[in-house]
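Everything below concerns the one structure shown next.
The values are calculated or read from the model by the stated rules, or taken from the named source; none is laboratory data. On a predicted model such as this, the values are computed, not experimentally measured, just so you know. Using ideal geometry, Cβ is built from the backbone for each residue, glycine included, and neighbour counts are taken over all protein chains shown. Note: areas computed on protein heavy atoms with side chains; ligands, DNA, RNA excluded. Shrake-Rupley method; radii C 1.70, N 1.55, O 1.52, S 1.80 Å.
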Amino acid sequence: MRMTCSSRAQNASARRGRLPVRLLAVAGVSTLALLTGACSGGDDDGVKPAAVSQEDLTQLPEATTFATVANAPLDPQASGGTTNGRVIHPKADIVVYDSVGGKAIAKLPSIQMGSPTWVPVIAEQGEWAQILLPTRPNAASGWVHLSDGAAESAQNDYVVNVNRAAFSLEILESGKPVGKWTIGTGKAEHPTPAGRAYIIASIEETKNTYSPIVLPLSYHSDSLETFGGGPGTVGLHTWPNNSFVGQANSDGCIRVPSEALDELVKLPLGTIVNIA
């Protein structure tokens with residue numbers, strides 16, 4: 001698969017046996033509403049989403065790695081940070097708004113790149129949740145309205161911290177180290193972008209041999225609009241030799257040792273990846 005480093009994301013099959021390993025639905029929590037018409041119920045703040053007709057819904061950009069949502073609000077902690085660990089998975093397309101009770105700007109599908117869509121929640125207000133989007137621009141976010149039946153909610157206590165200067169990647173669970181490895185990053189002309197990204201899919205590589213699995217992130221290259229026909233998505237993957245270790249020599253992706261990938265593929269989709 002080639003994203004920043006491979007362009008065949010859309011042609012690779014999801015490694016469904018690994019997805020997502022620790023995402024257990026939380027019973028009794030509020031779930032996302034399918035907002036394609038009249039809204040039911042109220043929220044704590046009395047703010048209801050604007051109705052979106054089926055015709056308008058079809059005109060909204062689909063919030064995937066291949067899209068740009070120009071009017072999306074940016075992550076207020078785009079420089080990195082933790083969340084309360086809540087992630088949500090829509091069962092069907094849901095509408096994304098630019099603010100609580102604001103304008104519809106996109107629709108979030110239930111499947112992304114062959115994997116179920118799980119997105120991190122970064123803020124909540126009544127029955128509204130602010131989520132991170134996998135689109136351009138980097139750090140794009142949006143608000144969705146919550147109600148029963150249209151999505152699953154789960155708790156994700158993992159976070160990945162990447163330090164580009166130190167060429168290090170560390171996995172934490174509930175703040176406790178799981179493992180730490182020396183990695184490779186993007187070269188000077190195609191640097192790995194910094195920010196609070198997250199894992200959007202797990203893809204079994206079928207076209208190339210450099211990595212058995214690629215984990216695409218929600219961030220994109222700042223220097224490459226496309227790469228090999230793909231949208232310039234940044235990903236986590238291995239490399240056939242150790243030439244990447246402690247080096248900035250990729251086209252923006254984060255190259256990791258095979259032992260690190262073995263642990264990374266166990267993480268739930270929607271896991272935050274802080275790149276500093």
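General observations
- Matching entry among Val100, Val52, Val21 (being modelled with pLDDT of 95 or more and either farther than 25 Å from Thr238 by Cβ or not in a strand (DSSP E or B) (or both)): Val100
- In the set Thr135, Thr192, only one residue is hydroxyl-bearing (Ser, Thr, Tyr) and within 30 Å of Glu259 (Cβ to Cβ); that residue is Thr192.
- Scanning region 249-262 for residues that are open to solvent by less than 10 Å² (accessible area, probe 1.4 Å), part of a loop (DSSP other than H, G, I, E, B), of a type in the set (Val, Ile, Thr) and within 22 Å of Leu133 (Cα to Cα) turns up nothing.
- Test: residue in region 91-114 that is open to solvent by less than 10 Å² (accessible area, probe 1.4 Å) and under 28 Å from Arg255 (Cβ atoms): yes
- Flag for Ile88 being farther than 13 Å from Leu269 by Cα, in contact (Cβ under 8 Å) with a residue 40 or more places away in the chain and either assigned to a strand (DSSP E or B) or in contact with a helix residue (DSSP H, G or I) (Cβ under 9 Å, 6 or more places away or on another chain) (or both): no
- Some residue of region 134-147 being over 22 Å from Val100 (Cβ atoms) and touching a residue at least 40 places away in the same chain (Cβ under 8 Å): yes
- When each of Thr271, Thr238, Thr209 is tested for being among the β-branched types (Val, Ile, Thr) and within 27 Å of Pro137 (Cβ to Cβ), the lone residue that passes is Thr271.
- Meeting the requirement of 3 or more residues that are at negative phi and either crowded, with 23+ Cβ neighbours inside 10 Å or within 15 Å of the chain's Cα centre (by Cα) (or both), the strands (runs of 3 or more DSSP E) wholly within region 134-223 are 141-145, 158-163, 195-198, 213-220.
- For region 55-66, the tally of residues that are out of contact with any strand residue (DSSP E or B) (no Cβ under 7 Å at 6 or more places or on another chain) and either buried (at least 17 other Cβ atoms within 10 Å of the Cβ) or assigned to a loop (DSSP other than H, G, I, E, B) (or both) stands at 1.
- Of all residues in region 109-129, those satisfying the criterion of being more than 20 Å from Gln155 (Cβ to Cβ) and in a strand (DSSP E or B) are Ile111, Gln112.
- The set of residues from region 225-242 being open to solvent by 10 Å² or more (accessible area, probe 1.4 Å), of a type outside the set (Asp, Glu) and either part of a strand (DSSP E or B) or without any contact (Cβ under 8 Å) to a residue 24 or more places away in the chain (or both) comprises Phe227, Asn241, Asn242.
- Residues of region 147-158 classified as more than 13 Å from Lys91 (Cβ to Cβ), in contact with an Asp or Glu (Cβ under 8 Å, 6 or more places away or on another chain) and of a type outside the set (Phe, Trp, Tyr), total: 1
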